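Visitor: Have a look at this one before I ask anything.
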Amino acid sequence: MSERRPPRLLMFTATLGYGGAESSFMRLAEYLAQYMDVTIALMARDYGSSDYSAAQSQTDLPLVVLDDAQPLRDNYLSKALRWWRMLRRLRGLKRQHDVTISFLSGPNLLNALAGRSDATIVSERGSKLYHVGIPPRTKWLWLRILDPLTYTLSRIIVPGSKGYAEEIAEIAGPRLAHKIEPIEGGIDADALIANTEALVDKDILQFCASPTAVYCGRLDHGKGIDLLIPIFARVYRQNPAVRLLVIGDGPLRATLIDLCAVEGLSVTDDGDPTVAVFFAGYRRDPMRHFRLCQVFCFPSLHEGLGNALIEGVASGIPVLAADCPWGPRSILTGAQDADALLGGKPPLVLAHGTLMPLPDTPDGAGSWVAALSSALEAPGHRRLPESCRSAIARFDLQVTGLQWVKLISSLNGLSSGSRGSSRTLNKESLP
């Protein structure tokens, strides 16, 4: 009997770039291409600026861009026409594929509206309920109308963490709860551990000669970097020898530089070691620089899971992470931490880092000042690579990728055979 053909899989997202969701999307697409014929579809090449553009990511997989990049007026009619064109093109693509997986809210809505609900999987990567950067009316529209519609018209909903699955269940309602299948992570654990020892950039090495705290992530609302800067300023006024390294880029960069000026913090973009804060911009494999620092700071107010935090844990340096919905509790918790989580409020010292209160209240900010001061004045020991690898193993793509394969193979009428004879995968052999 001849082997059935591999499923034809369409992977759909907004754009390709170097954000956490985009990186997870690309890793998953490349992994699934071992077992299926994968095509990538994008809403657009970029977000309308140079930040996070498709030029930052490379792929050998077939790629289709739905937006024809025609000039648009900034009005509702033009935007509606653009969405209508993308919807028609996506509908045609879905007819040519067995399953379509989308990441992020806009692509998820288009995926659901484009039909073939029995072959539609939507993946939610970040909380809207707790998102601080969404206007109230827009948040109401998504939470009350657009998200429930998306979930109703989809076969499977994949939140980025188990905690986030609880939020999705609240939005979707009891009748759709059976559709929710959380899958946590999708990292390359071995690559992360290896990258923590890779060569560092000279300007960052130069800057980190003094005790340094590091933030890594998108410079955007809700990531907490605008809250971390005033906290660091209080620590700096007590100890002018300390430094803050900011790795990443985004729309708040200029605002954050202005905030530093208000707080009396000098700023550099070339690694001047006499300056308080270094905005280092985007760096490929940023975790290679973490070992130069005394503490990794993750002040987010909301997350889907938190890939940057997983990278912080992988680096082995002490970690301070806000107890936001969702992700940090799962990432920092070890088997021995159950009693601590049940019996106390942050700050909590857990197996893989310290869970901190949210930094957007006076008491929370005070706790961050005390913890950050302590970490910079009396640095802890860096954990061994074996311990770090064990801490992040459950988020590895070799674990979570098979969960995706099983999910896709569970849809009616699909073969689970691989593209290559060396990687044949039958449903009965899946763990």
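The values are calculated or read from the model by the stated rules, or taken from the named source; none is laboratory data. This structure is a prediction, so every number in the text was calculated from the model and none was measured. Glycine also receives a Cβ, built like all others from the backbone with ideal geometry; neighbour counts cover every protein chain displayed. Please note that ligands, DNA and RNA were not included when accessible areas were found on the heavy atoms of the full protein model with its side chains. Shrake-Rupley method; radii C 1.70, N 1.55, O 1.52, S 1.80 Å.
Visitor: What percent does the relative contact order of the chain come to when contacts are Cα pairs within less than 8 Å and at least six residues apart? Please list the in-between numbers first.
Guide: On the way: 853 pairs, mean separation 71.5, N = 431.
Relative contact order here is 17 percent.
Visitor: If amide hydrogens are placed 1.01 Å from N in the peptide plane, which non-local residues have theirs closer than 5 Å to the one on Leu16?
Guide: Ala54
Visitor: Still on this structure: Per residue of the chain, what 222 nm ellipticity follows from adding -39500 (n - 2.57) for every DSSP H run with n ≥ 4, rounded to the nearest 500? Working shown, then result.
Guide: Values: 16 runs with 159 residues, N = 431.
For the chain, the value works out to -11000 deg cm²/dmol.
Visitor: If I model a spin label at Ile145 and Ala351 as a point 7 Å from the Cα along the Cα→Cβ vector, what separation in nanometres do I get?
Guide: Between Ile145 and Ala351, the label points sit 4.5 nm apart.
Visitor: Once the piece of chain linking Gln34 and Asp60 is laid out straight, how much longer is it, given 0.36 nm per residue of separation minus the C-alpha distance between them? Intermediate results must be reported in sequence, preceding the final value.
Guide: On the way: separation 26, 0.36 × 26 = 9.36 nm, distance 1.29 nm.
Once the chain is fully extended between Gln34 and Asp60, it gains 8.1 nm.
Visitor: Let me ask something else about it. Karplus couplings for segment 187-195 from phi (6.51 cos²θ - 1.76 cosθ + 1.60, θ = phi - 60°), rounded to Hz, Gly and Pro as x?
Guide: In residue order, the calculated couplings are 8, 9, 4, 5, 5, 4, 4, 5, 5 Hz.
Visitor: Lys pairs in the chain, Cα-Cα under 28 Å, at least 8 apart or on separate chains: how many?
Guide: Value for the chain: 27.
Visitor: Using only Cα atoms, what Kirkwood radius does segment 99-184 have, in angstroms? Walk me through the numbers on the way to the answer.
Guide: Working: mean 1/r = 0.0792 Å⁻¹.
One decimal place: 12.6 Å for the Kirkwood radius.
Visitor: Calculate the translational D of segment 214-349 in whole µm² s⁻¹ from Stokes-Einstein, where the hydrodynamic radius comes from the Kirkwood formula applied to all Cα pairs, the temperature is 4 °C and the viscosity 1.567 mPa s. Don't jump to the answer; show the numbers that get you there.
Guide: Numbers: Rh = 15.6 Å.
Once the numbers are plugged in, D ends up at 83 µm²/s.
Visitor: Here's a follow-up. Tell me, how many Å apart are the Cα centres for segment 344-375 and for segment 106-176?
Guide: Measuring centre to centre over Cα atoms gives 31 Å.
Visitor: Per residue, how large is the accessible surface of the chain? Use a 1.4 angstrom probe and give square angstrom. List each step's numbers first, then the result.
Guide: Details: 18980 Å² over 431 residues.
With all protein chains present, the chain gives 44 Å² per residue.
Visitor: Assuming 0.890 mPa s and 25 °C, estimate D for segment 255-307 with Stokes-Einstein, Rh taken as the Kirkwood radius over Cα pairs, in µm²/s. Don't skip to the answer; put the middle values down first.
Guide: Numbers: Rh = 13.3 Å.
Once the numbers are plugged in, D ends up at 185 µm²/s.
Visitor: What distance in nm lies between label points placed 7 Å from Cα along the C-beta direction at Arg4 and Arg45?
Guide: About 4.0 nm separates the two model spin labels.
Visitor: With +1 on each Lys and Arg Cβ and -1 on each Asp and Glu Cβ, how big is the dipole of the chain about its Cα centre, in debye rounded to the nearest 20?
Guide: Working: 45 positive and 44 negative charges, 312 e Å.
Dipole of the chain, to the nearest 20 debye: 1500 debye.
Visitor: Out of the total accessible area of the chain (probe 1.4 Å, heavy atoms of protein only), what percent is carbon and sulfur?
Guide: Here carbon and sulfur together make up 54 percent of the probe-accessible area.
Visitor: I would also like to ask the following. In units of 2.2 N^0.38 Å, what is the alpha-carbon radius of gyration of segment 230-272? Walk me through the intermediate numbers first.
Guide: Values: Rg = 10.6 Å, N = 43, 2.2 N^0.38 = 9.2 Å.
Dividing the Cα Rg of segment 230-272 by 2.2 N^0.38 Å gives 1.15.
Visitor: Something else: Show me, for segment 203-220, the HN-Hα J-couplings you get by feeding each phi into the Karplus relation (A = 6.51, B = -1.76, C = 1.60, θ = phi - 60°), rounded to Hz, glycine and proline as x.
Guide: 5, 6, 4, 4, 5, 7, 5, 9, x, 10, 9, 10, 10, 9, x, 5, 8, 8
Visitor: Something else now. How much FRET efficiency would the formula 1/(1 + (r/R0)^6) give for Leu199 and Ser374, where r is the Cβ-Cβ distance and R0 is 30 Å, rounded to 0.05? Show your work: numbers first, answer last.
Guide: Working: r = 30 Å, r/R0 = 1.01.
The value I calculate is 0.50.
Visitor: Go through Leu259, Pro286, Val275 and say which Cα lies farthest out towards the positive end of the charge dipole of segment 249-296; charges sit on Cβ, +1 for Lys and Arg, -1 for Asp and Glu.
Guide: Pro286
Visitor: Using only Cα atoms, tell me the angle between helix 76-95 and the longest principal axis of the chain; keep it within 0 to 90° and round to the nearest 10.
Guide: 60 degrees
Visitor: For Arg383, list long-range residues whose amide hydrogen, built 1.01 Å from N in the peptide plane, is under 5 Å from its own amide hydrogen.
Guide: Long-range HN contacts for Arg383: Ile317.
Visitor: Evaluate E = 1/(1 + (r/R0)^6) for Gln206 and Thr255, where r is the Cβ-Cβ distance and R0 equals 25 Å; express this FRET efficiency to the nearest 0.05.
Guide: Working: r = 26 Å, r/R0 = 1.05.
Efficiency, from the Cβ-Cβ distance: 0.45.
Visitor: What are the ³J(HN,Hα) couplings of segment 58-64, residue after residue, when phi is run through the Karplus curve with 6.51, -1.76, 1.60 and θ = phi - 60°? Round to Hz, x for glycine and proline.
Guide: After applying 6.51 cos²θ - 1.76 cosθ + 1.60, I find 10, 8, 9, 6, x, 9, 10 Hz.
Visitor: Please give the Cα centre distance for segment 246-282 versus segment 191-227, rounded to the nearest Å.
Guide: For segment 246-282 versus segment 191-227, the Cα centre distance is 12 Å.
Visitor: Contour minus end-to-end for Ser410 and Leu176, with contour as 0.36 nm per residue of separation and end-to-end as the Cα-Cα distance?
Guide: 82.5 nm
Visitor: Name the long-range amide H neighbours of Ala41: under 5 Å, sequence gap of 5 or more, or other chain; modelled H, no Pro or chain starts.
Guide: Counting only residues 5 or more places away or on other chains, the set is Met11, Phe12, Thr13, Val64.
Visitor: Continuing with the same structure: Using only Cα atoms and rounding to the nearest 10 degrees, what angle (0 to 90) does helix 362-377 make with the longest principal axis of the chain?
Guide: Here the helix axis deviates by roughly 70 degrees.
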